[in-house]
Amino acid sequence: MFFYSTPSSPTLLNASILINVFLLLALAVVYGRRIKRNRSVLSNQSMDSYSSIARRFPELSPRELLLVELILERATTERIADQLHISPDSVKKSKYRLKRKLKVAKSESLDAFLFRTVHQFPLN
């Protein structure tokens, strides 16, 4: 994971530790920004829907729940990619993995399964 190898002298060792700490902090800042972007994708009114989906599908990660919410909003692949800051191909792969995780029948689309499950049998 670390990008800088550990040298043998004590002075260089301290410099190496500082560089590694700096790199970890930089990664934490980037990761924190991604989390904030994910939270800002959902409007306040859709937070109730998001929590309802989270109760219905407890096995899903927050990122997968966000994908489900966007699918239920009938967002296109391109819009989902734009809002999640990923490529359209990544959205397609994520939908495929989600379909397998939820054990959706091969003959049924993920969108149809989600609409049927969430809207036909609401959890209130």
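For Gln83, the conditions (1) surrounded by fewer than 16 Cβ atoms within 10 Å (Cβ to Cβ); (2) of a type outside the set (A, V, I, L, M); (3) touching a residue at least 40 places away in the same chain (Cβ under 8 Å) are fulfilled apart from (1).
For the range 99-117: of the residues being surrounded by 16 or more Cβ atoms within 10 Å (Cβ to Cβ) and touching a residue at least 40 places away in the same chain (Cβ under 8 Å), which is nearest to Ile71 (Cα to Cα)?
The initial filter retains those residues of the range 99-117 that are surrounded by 16 or more Cβ atoms within 10 Å (Cβ to Cβ), namely 99, 102, 104, 110, 113-114, 117.
From the residues that got through so far, the ones that are touching a residue at least 40 places away in the same chain (Cβ under 8 Å) too are 102, 114, 117.
Working: Leu102: 14, Leu114: 8, Thr117: 13 Å.
Only one residue fits best here, namely Leu114.
Bear in mind these aren't lab numbers, they're just calculated from the coordinates by the rules spelled out. Worth saying up front: this structure is predicted, and the values here are computed from it rather than measured. Ideal geometry is used to build each Cβ from the backbone, glycine not excepted, and the neighbour counts take in all protein chains shown.
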